[in-house]
Amino acid sequence: MSDMQNNNDAQNQSIREIRINPIVPSESVLVATARGMRPKKKEERIERDTRKHVETCPFCRGNESMTPPALVTVPNETQWDIRIVENLFAILGDDEKKSNLVMGLQQTIDGYGRHEVIIDHSEHGIAVFDMSSEHIANVFKAYRDRMLALYEADDRIRYVLVFKNFGPAAGASIPHTHSQLIAMPVIPENVHSELHHSEKYYDKHHQCIFCGLIDEALTFEATIYDRDSGEVRRKVDIGQYIIESTEHFIAIKPFASRYEWEVHIFPLKHQADFIDCSDELIADFAGLLKRTMKRLDNVLEGVQYNYFMHTVPHGKEFKNNQNSYHWHLEITPRTSIPTGFELGSGLFVNTISPEDAARQLREVDI
Ligand SMILES: [Zn+2]
Ligand SMILES: [Zn+2]
Ligand SMILES: [Zn+2]
């Protein structure tokens, strides 16, 4: 392992550059791989709870009375594999609509919305890569169907965010494997930036920037030119960012990754809205997600992570984004704690080159 590490360090010694996120140019990352350039503190890992069943856990089978009644159960109420309930500690509530407040330059929007918990599996501590592909597909179908139901039930809902926190390092407060869904009255800033910039790109180039990046990853070798002299600085094999591609999906290590082991999964064929994703596509996606999580777990020797879904919001004002936006799942494993430099500057420091991270993930024998 240490030989490999030395080898990798030697390969990447020269990397110390600021990479601009091609989709959201205001987000940039400092890739600095030399040993002396590692200001980051490794996150101290609290081991996660891997037990199969816990008597006192409200999400374990048999303890259904400890949660609010189920909104959805798959395949049925008693022998459920997946169960969706309202979150008892909701971030956003279902209250009467109050008027929005403005105090000078500061304003608030009423925290109206819904917050639900998807109990991903009846087995307490199971990891995604240990679930069957069929089961993972059912979880994502449950996300899709629930998102649609929420949009249809209330036109004040502007965005439904689906995310998962896995392990204490990723902020999971209940160890039983679960994900969450928050239906919000606003578009989250990250999604808004992606929508805005991809629309601008589309207006100029008549192409979806996400499709463009996928095409590049599959076909091109890119040349990086020096800004001032225009001379060729380096040729990059863009394919080196691919971790795996399937018939319908691709897992990519973003060129300007904020987090060392961040991976994004995109449908290969343009699709703006996750709600349009067919059962057949989801089945393919599930297999790729399972393998991607296995790769991450293998390289990181136990992965704790967040994942979240970015998809086009519903509503007339987003009609234009059907061509320019492209849904995706972002997976961000947690390995280090952001420093004051990162929080203060907004410039994230990545101490493993995305090329090297992609190679390590690709090479996992699965
Ligand atoms: Zn449990
Ligand atoms: Zn696209
Ligand atoms: Zn995104």
Exercise. Determine, from the Cβ-Cβ distance of residue 301 and residue 232 and an R0 of 56 Å, the FRET efficiency 1/(1 + (r/R0)^6), rounded to the nearest 0.05.
Key: 0.90
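In what sequence, highest mean first, do 167-173, 268-274 appear when ranked by Cβ atoms within 10 angstrom?
268-274, 167-173
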Practice problem: With a ≥ b ≥ c taken as the square roots of the eigenvalues of the C-alpha gyration tensor of the stretch 126-281, please select rounded if a/c is under 1.5 and otherwise prolate if a/b is larger than b/c or oblate if it is not? | Solution: prolate
Quiz prompt | Cα-Cα over 26 Å, subset of 253/316; 141/204; 204/269 | solution = 253/316; 141/204
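Quote the charge dipole size of the chain about the Cα centre in Debye, to the nearest 20; the model charges only the Cβ of Lys and Arg (+1) and of Asp and Glu (-1).
Once rounded to the nearest 20, the dipole reads 740 debye.
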Quiz item: Applying 1/(1 + (r/R0)^6) with R0 = 35 Å to the Cβ-Cβ distance of residue 204 and residue 174, what FRET efficiency is obtained, to the nearest 0.05?
Solution: 0.15
Quiz item: With each pseudo-label sitting 7 Å past Cα toward Cβ, what's the residue 34-residue 16 distance in nm, one decimal?
Solution: 0.3 nm
Quiz item: Can you sort 154, 226 by how many other beta carbons sit within 10 Å, fewest first?
Solution: 226, 154
Quiz item: How large is ³J(HN,Hα), in whole Hz, for each residue of the stretch 23-30 in order, when computed from phi with the Karplus curve 6.51 cos²θ - 1.76 cosθ + 1.60 and θ = phi - 60°, using x for Gly and Pro?
Solution: 8, 10, x, 6, 9, 10, 10, 8
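Determine, from the Cβ-Cβ distance of residue 189 and residue 45 and an R0 of 25 Å, the FRET efficiency 1/(1 + (r/R0)^6), rounded to the nearest 0.05.
Between residue 189 and residue 45 the formula returns 0.30.
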Quiz item: How do 206, 326, 124 rank when sorted from fewest to most other Cβ atoms within 10 Å of their own Cβ?
Solution: 206, 124, 326
Quiz item: According to the square roots a ≥ b ≥ c of the eigenvalues of the Cα gyration tensor, what is the shape class of the stretch 273-366, taking rounded for a/c under 1.5, prolate for a/b larger than b/c otherwise, and oblate for the remainder?
Solution: oblate
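Only helical DSSP H runs with n ≥ 4 go in: add -39500 (n - 2.57) per run for the chain, normalise by residue count and round the 222 nm mean residue ellipticity to 500 deg cm²/dmol.
-8500 deg cm²/dmol
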Quiz item: Lone cysteines in the chain, going by a 4.7 Å Cβ-Cβ cut-off?
Solution: 277
Quiz item: If contacts are Cα pairs under 8 angstrom and at least 6 residues apart, what is the relative contact order of the chain in percent?
Solution: 21 percent
Quiz item: Between residue 178 and residues 5 or more places away or on another chain, which pairs have amide H atoms under 5 Å apart, with H built 1.01 Å from N, and which residues are they?
Solution: 120
Quiz item: Under DSSP H, which helices of the chain have Cα atoms covering 18 Å or more of the helix axis and a Kyte-Doolittle average no less than -0.5?
Solution: 133-153, 279-300
Practice problem: Let me know the longest stretch in the chain that avoids all GluC sites (Glu not before Pro) found in a DSSP loop with at most 14 other C-beta atoms within 10 Å. | Solution: 97-230
Exercise. Would you compute the Debye intensity of the chain from its alpha-carbon atoms alone, equal scatterers and no solvent, and pass along log10 I(q)/I(0) at q = 0.08, 0.10 Å⁻¹ to two decimals?
Key: -0.43, -0.68
Exercise. Please find, in a Gaussian network model of the chain (springs between Cα atoms separated by less than 10 Å), the residue of 137, 183, 70 whose mean-square fluctuation is greatest.
Key: 70
Exercise. Express in whole angstrom the spacing between the alpha-carbon centres of the stretch 240-294 and the stretch 179-222.
Key: 14 Å
Quiz prompt | trypsin sites (Lys or Arg not before Pro) within the stretch 307-361: DSSP coil, no more than 12 neighbouring Cβ in 10 Å | solution = 319
Exercise. Would you mind ranking 203, 297, 120, 276 by Cβ crowding within 10 Å, fewest neighbours first?
Key: 203, 276, 297, 120
Practice problem: Assuming a ≥ b ≥ c are the square roots of the Cα gyration tensor eigenvalues, decide whether the stretch 314-366 counts as rounded (a/c under 1.5), prolate (otherwise, with a/b larger than b/c) or oblate. | Solution: oblate
Quiz item: At what distance in nm do the modelled label points of residue 52 and residue 316 sit from each other, each positioned 7 Å from its Cα along Cα→Cβ?
Solution: 5.6 nm
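None of the figures in this text is laboratory data; all of them are computed from the coordinates on show. Keep in mind it's a predicted model, so treat the numbers as computed, not measured. No Cβ is skipped: glycine too gets one built from the backbone with ideal geometry, and neighbour counts run over all protein chains shown.
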